[in-house]
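Structure first, then comments.
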């Protein structure tokens, strides 16, 4: 059956054809317009994504260029006479702040006492010690943001970082002079240590190791990220592309772990007590090789775990520089570390790490880091003497 009525006249057919033509014309125009708007919208979106990506890439490149420029213009790397031993210290390392420094368990005069012990023992001549320069604001900006450094102009923020509440009550100019200036001097020492290690095979900064500080956050008596700074300077100026951090402080090194969270050039071996500060579970995700030692761990068990860890690390990674964070808060009796390692165990531990570097012909930087007993200074000095006796370092004064 045909449901379309017959078209009987020519005029009717013409009217019908005109109507159909008009309908399809309007529909086509609307469709074309809509499609055009769709293409425009999407091309604009695509262009926006491209521009955003390009802008982000450009910003990153600009930041890297600025960082590289700051490193190259820094005065922290300077030539050290061969008559000096690559052991770095300054009298200004020690913190004396109207006795307030004693409110924190950290021995803020241990750095000077280590050197005095070495000199009294006849292991070191005072005139052989290398004195570093203080890290400037431009030096610190290689890792830290402007906003973080500005936050240190507030005494309350510094008080929280160094965990001494009364510091918040003092004018910031005094806090800068008595607290932050000694820290900045130690940062200069850590950075210089990498240059000396590359030249001499080893270097010890009798200070530094502020491993709880990252680019944007301080804490745990650590106001500046000296380990991160040291490594970035090594990348830029020492032709180094692979660095291993061996962190044997009792506490987790959450600062450098956050700073190098996505950097395959840095291998982090962290051997720490998981039941104490900082309990930074996010940073733990970025530890390349995690070795947890529980409270109460004894010397023999500790050294066995260290042997195993060093063997694994040596098989997994081929470093061009080792940064050794040699905290002595693993000592038996340390109120914060809660481990039970003997003084002799500390010396053997340090010997094992230096031997690890020696066997691989890799320069090593040692930092003294944490240690919360008065006995720590003596233990560190004895360990350095042991390294010298074992010919892993050479403390003799060179002659021209």
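The values are calculated or read from the model by the stated rules, or taken from the named source; none is laboratory data. Just so it is clear, the structure is predicted and the values come from calculations on it, not from any experiment. Every residue, glycine among them, receives a Cβ derived from its backbone with ideal geometry; neighbour counts consider all protein chains shown.
Considering the conditions (1) buried (at least 23 other Cβ atoms within 10 Å of the Cβ); (2) in contact with a strand residue (DSSP E or B) (Cβ under 8 Å, 6 or more places away or on another chain), residue 320 is excluded by exactly one of them, (1).
Here is a yes/no grid of residues against (1) touching a strand residue (DSSP E or B) at 6+ places or on another chain (Cβ under 9 Å); (2) more than 19 Å from residue 87 (Cα to Cα); (3) part of a loop (DSSP other than H, G, I, E, B):
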| position | (1), (2), (3) |
| --- | --- |
| 309 | yes, yes, no |
| 329 | no, yes, yes |
| 352 | no, yes, no |
| 366 | yes, no, no |
| 369 | yes, no, yes |
| 386 | no, no, no |
| 392 | yes, no, yes |
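Taken over region 178-220, the criterion of being part of a loop (DSSP other than H, G, I, E, B), at negative phi and surrounded by fewer than 22 Cβ atoms within 10 Å (Cβ to Cβ) is satisfied by 215, 216, 217. If you check residue 249 against the conditions, is it assigned by TED's automatic domain parsing to the domain that holds residue 320, more than 26 Å from residue 133 (Cβ to Cβ) and not in a helix (DSSP H, G or I)? No; evaluated as a whole, the condition is false for this residue.
Residues of region 255-304 being in contact with a strand residue (DSSP E or B) (Cβ under 7 Å, 6 or more places away or on another chain) and part of a helix (DSSP H, G or I), which ones? Listed by number, the residues that qualify are 255, 256, 257, 284, 299, 302. Looking across 379, 365, one residue alone is within 20 Å of residue 303 (Cβ to Cβ) and buried (at least 16 other Cβ atoms within 10 Å of the Cβ). It is 379. Within region 122-140, restricting attention to residues that are in a loop (DSSP other than H, G, I, E, B) and touching a helix residue (DSSP H, G or I) at 6+ places or on another chain (Cβ under 6 Å), the residue that is nearest to residue 260 (Cα to Cα) is 135. Scoring residue 230 on the criteria (1) surrounded by 18 or more Cβ atoms within 10 Å (Cβ to Cβ); (2) outside any helix (DSSP H, G or I); (3) at negative phi leaves a single failure, condition (2).
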